[in-house]
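Notes follow once the structure below has been shown.
The values are calculated or read from the model by the stated rules, or taken from the named source; none is laboratory data. These figures come from a predicted structure and were not determined experimentally. For neighbour counting, all protein chains shown are included, and Cβ atoms are generated from backbone atoms with ideal geometry for every residue, glycine included. All accessible areas refer to the heavy atoms of the entire protein, side chains included, with ligands and DNA or RNA removed. Shrake-Rupley method; radii C 1.70, N 1.55, O 1.52, S 1.80 Å.
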Amino acid sequence: MKNTNIRSSLVKRLAASGISICLAVSALPTAVYAESKASNSVIKMTEVNEISYNETLEDTHNPYRGFYQAYEISYKRDSSNCKAQASTLEDIDGIASKYQLVHLLIDLSDFSEQNRKGENPVKHSANAYIDSTKDDVEKALGELLARLRKNNQSAVLRFAYDYKYRGKTSDGVDEEGNRYYRTVWEPTDDSFIEQHQEKVGAVISRYTDVIAAVECGIIGPWGEMHTSDRTDAASEKKIIGKWLEVLPEDLTVNVRKPSDFCAWSGVDLENIDKYTAKAGTDAYRIGLYNDGYLGSVSDLGTYEDRNKEIKWLTTQTDHTLFGGELVLWDDEEGGTPLNNIAYFEKEGFKTHTSYLNKDWHDGVMDGFRSTTYNGGDSLYNGKTSEFEYLRNRMGYRFVVRDVQMTTELSTDENFALETTIENVGFGNLFKNEQTSVIIKGNGLEKEFKLWDLDADKGEKASNYDAGKWLSGTSLTDRKSNILSAELDLPDDMPEGIYKVYIKIANRKSGEGEYPIRFSNEGSNVYDTKLKANFVGSFKVNTLIEDDVLTYPTNIKATYSEKYHQVRFTWDKVEGADRYGIAVYMAGKWRVQTQNITDTVYTSPKNLTPGMTYRVAIAARVNGKWDTVNAIKHFGTVTIK
């Protein structure tokens, strides 16, 4: 907030004169203008306690993380797909309030040459391209993702050539004597796979807000990148590379194993623990899906050297998605079982685990549901099930630990806020969500976009990118993140109490907001209408105008182009016995003089032409310097 009449008068005069100044700065023992949080104001903040700073034990319904509900959808080379998936869309609607994340397992095997027997037999003599003149695959996929956006749900996608994801690579008879038939039918020509990736990739690109990650899939039973003629390095490199080509740069592509990453990148698996991907490269976009999660010492072949490869994952998955399916323990490799909470809560922080199948393996998940948590996290001990503990720890989980703000101010002062936030989850937020502050009360509702503040009004913010509020690598390795903001409130703001909210959401036009909730105790934190988190309130007092000002006005500047110096004049301030001049340099207000007894000041000669500085003039009235208004009404001048 500011006195716009006085400040705009000063700015207009200086702009009209075309004057600017560069003063030789010397260190003085006493500063007229106190250093402050803002560049042109002195702001006092007070701790507020209007919300609980404790983590809730309840679920927090946030995007791109958590237990997921899986859906298998088989698309055909005809126009029946939109109609066929109608019941799936209804099911997705039905779970929206409980499960934010879904796993879409999309089968494209009908586009392959095949002779599938058994249930719904199919015989195709040739592979087929996805073609909107012959099929409605693209339309159906678009409708599916649009429904998720409407429900504010997110998805992990996987495409494979496996009918109903049954994982059968040949015909045969099971141990109980039941006949089964081959369901995995990959195209015989790579060009068809590449065209399929291009077509579905174009649809996905219109829904990046919906997509948590795209799992590479494509080859092998269940799309798990094994038991296929295309698991050689050259084939994997082609498939992974195609996804990276057709999908937007802000989407994560997950591969099945660290060795798959090495096949694509050329990194030596033996030295993968020494490799760190650089931001902005394709390698930085690759995450991992682990469908053998904690099933053996190697996670059923996921790792060749668990310690080395998890060391790599600790860095790689701090900005990508990691998750999969927990499975039953396989004794064949020996070793102590790992599929338990005691192990998971240690490794989960290292792999930054963000998503898991809520139903697989049911033997493991049912055990977690029925067992009370008694692990290393004292907050949860004896209070939740192991399943609930995992639910809450997966992905990012932001808890406000402290709030300080300007709790009372008048209409000529700026507002300041500092919020300490801790990420207590296994993982991090890797989507481009943006943070704003909303102030609401007395008929006013104003949103301040922290990425787009007005520096000329003294506005600034720091540490507002929620993607950088990183999780630790263990229960005890947690980091505090202090979001700070200084805001210029409306000049005509009515007197009264105002509530302050922090909103973290997607701001791209035409997309879903996908707002993020803080995981603090209490029902007063998240406002469903604003889609923002309440952090505290402050009071605005009406500014009482006084006939006697305590800071200089009617400031004028003239200069000598010959001597490169500037002279300031101003109206006398009633009761003032001294005036002071300060210049803002190197992030601080620095005093030039504080012993002026007249209403004029002339700078030194031979200042540097072309340099621009902020200049403030203060008055001492009744022995007290009015530094707040002096700085608030600074002028910007430039030497010529």
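Assorted remarks:
- Failed item, numbered, when N554 is tested on (1) in contact with a Cys (Cβ under 9 Å, 6 or more places away or on another chain); (2) in a loop (DSSP other than H, G, I, E, B); (3) of a type outside the set (F, W, Y): (1)
- K562 vs. criteria closer than 30 Å to A146 by Cα and either assigned to a loop (DSSP other than H, G, I, E, B) or open to solvent by less than 50 Å² (accessible area, probe 1.4 Å) (or both): no
- Residues located in the stretch 299-329, provided they are open to solvent by less than 60 Å² (accessible area, probe 1.4 Å), part of a loop (DSSP other than H, G, I, E, B) and among the charged types (D, E, K, R): D299, D318
- Here G363 clears all of (1) over 23 Å from H103 (Cα atoms); (2) not assigned by the TED database to the domain that holds S154 except the condition numbered (1).
- Of the candidates H226, H196, the single residue that is farther than 30 Å from N152 by Cα and either touching a helix residue (DSSP H, G or I) at 6+ places or on another chain (Cβ under 8 Å) or outside any helix (DSSP H, G or I) (or both) is H226.
- Condition met for Y165 (open to solvent by 10 Å² or more (accessible area, probe 1.4 Å) and either within 29 Å of the chain's Cα centre (by Cα) or of a type in the set (S, T, Y) (or both)): yes
- Conditions (1) in contact with a Gly (Cβ under 6 Å, 6 or more places away or on another chain); (2) assigned to a loop (DSSP other than H, G, I, E, B); number of the one not met by N254: (2)
- Leading residue by the ranking (modelled with the highest pLDDT) among those in the stretch 626-640 that are open to solvent by 20 Å² or more (accessible area, probe 1.4 Å) and assigned to a strand (DSSP E or B): T638
- Tally of residues being open to solvent by 10 Å² or more (accessible area, probe 1.4 Å) and part of a helix (DSSP H, G or I) across the stretch 73-102: 12
- Yes/no for V403 being buried (at least 20 other Cβ atoms within 10 Å of the Cβ), assigned by the TED database to the domain that holds G536 and farther than 28 Å from T208 by Cβ: yes
- Set side by side, the residues V246, V184, V214 differ, and just one is crowded, with 23+ Cβ neighbours inside 10 Å, within 30 Å of N62 (Cβ to Cβ) and not polar (S, T, N, Q), which is V214.
- Flag for Y380 being closer than 27 Å to I51 by Cα and not aliphatic (A, V, I, L, M): yes
- The residues listed here are K572, K605, K562, K640; of these, the one that is more than 24 Å from I43 (Cα to Cα) and free of Cβ contacts under 8 Å to residues at least 12 places away in the same chain is K562.
- Verdict on S125 being under 30 Å from R179 (Cβ atoms), of a type in the set (G, A, S) and either surrounded by 17 or more Cβ atoms within 10 Å (Cβ to Cβ) or under 30 Å from the mean Cα position of the chain (by Cα) (or both): no
- Options A31, A16, A24, A70; residue that is of a type in the set (A, V, I, L, M), surrounded by fewer than 19 Cβ atoms within 10 Å (Cβ to Cβ) and at pLDDT 95 or above: A70
- Scanning the stretch 420-462 for residues that are farther than 24 Å from G66 by Cβ and open to solvent by less than 60 Å² (accessible area, probe 1.4 Å) yields a count of 16.
- For the stretch 574-588, a tally of residues being assigned to a strand (DSSP E or B) and open to solvent by 20 Å² or more (accessible area, probe 1.4 Å) returns 5.
- Residues that are under 28 Å from the mean Cα position of the chain (by Cα) and either outside the structural domain of T351 (by the TED database) or open to solvent by 70 Å² or more (accessible area, probe 1.4 Å) (or both), drawn from the stretch 258-281: K274, T276, K278, A279, G280
- Residue within the stretch 376-388 that is charged (D, E, K, R), in the same structural domain as T320 (by the TED database) and open to solvent by 30 Å² or more (accessible area, probe 1.4 Å) present: no
- Within the stretch 589-625, tally of residues that are open to solvent by 70 Å² or more (accessible area, probe 1.4 Å) and more than 16 Å from H564 (Cβ to Cβ): 6
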